[in-house]
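Trainee: Okay, here's the structure, questions in a sec.
The values are calculated or read from the model by the stated rules, or taken from the named source; none is laboratory data. Owing to the predicted nature of the structure, the values given are computational and were not obtained by experimental measurement. So basically every Cβ, Gly included, is an ideal-geometry build from the backbone, and we count neighbours across all protein chains shown. Areas reflect the complete protein model, heavy atoms only, side chains present, ligands, DNA and RNA absent. Shrake-Rupley method; radii C 1.70, N 1.55, O 1.52, S 1.80 Å.
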Amino acid sequence: MPKQINEQDVIRFIEQKTKINAKHIAEVLKFGQSYLNSVKANARGEVDIDMDDIVDYVLKRPGMKLNELQVEEILETEMDYLIKKGIASYGD
């Protein structure tokens, strides 16, 4: 990724929008990053991410205390942040 992300800034943004505890947000983001690290980029360096797959992956992590809707809300709000900062975009 060409731009650096301040993790605390992302967590604060998500916490303000979702009212979910920062500790839980950080955990979801950590597991989400683990999933993303396992996904292969295409020839243009883009990664196609299926939200259902990443949510399922996060929910199956040991000790995950959030439900599906909360995990989705965190990941969608993270995407909103990344789009707002010009770091990510939705594919065609």
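Trainee: Past 23 Å, Cα to Cα, is the threshold; run 17/65; 30/60; 30/84; 60/85; 40/65 against it and keep the listed order.
Mentor: 60/85; 40/65, as the Cα separations exceed 23 Å there.
Trainee: How high is the relative contact order of the chain, in percent, with contacts defined as C-alpha pairs under 8 Å that are six or more residues apart? Display every interim value, and only then the final one.
Mentor: Values: 57 pairs, mean separation 30.5, N = 92.
Once divided by the residue count of the chain, the mean separation gives 33 percent.
Trainee: So, with a 1.4 angstrom probe, what is the percent of accessible area on the chain that is carbon and sulfur?
Mentor: 46
Trainee: Among 38-46, 23-31, 76-84, what's the highest-first ranking by average C-beta atoms within 10 angstrom per residue?
Mentor: 23-31, 76-84, 38-46
Trainee: Which of these values of Rg/Rh (Cα atoms, Kirkwood Rh) was calculated from the structure shown: [x] 0.94; [y] 1.09; [z] 1.06?
Mentor: The listed entry that was calculated here is [x].
Trainee: Averaged per residue, what accessible area in Å² does the chain show with a 1.4 Å probe, protein chains only?
Mentor: 71
Trainee: For every helix of n ≥ 4 consecutive DSSP H residues, a contribution of -39,500 (n - 2.57) applies; sum these over the chain, divide by its total residues, and give [θ] at 222 nm rounded to the nearest 500 deg cm²/dmol.
Mentor: Calculated at 222 nm, the ellipticity per residue is -19000 deg cm²/dmol.
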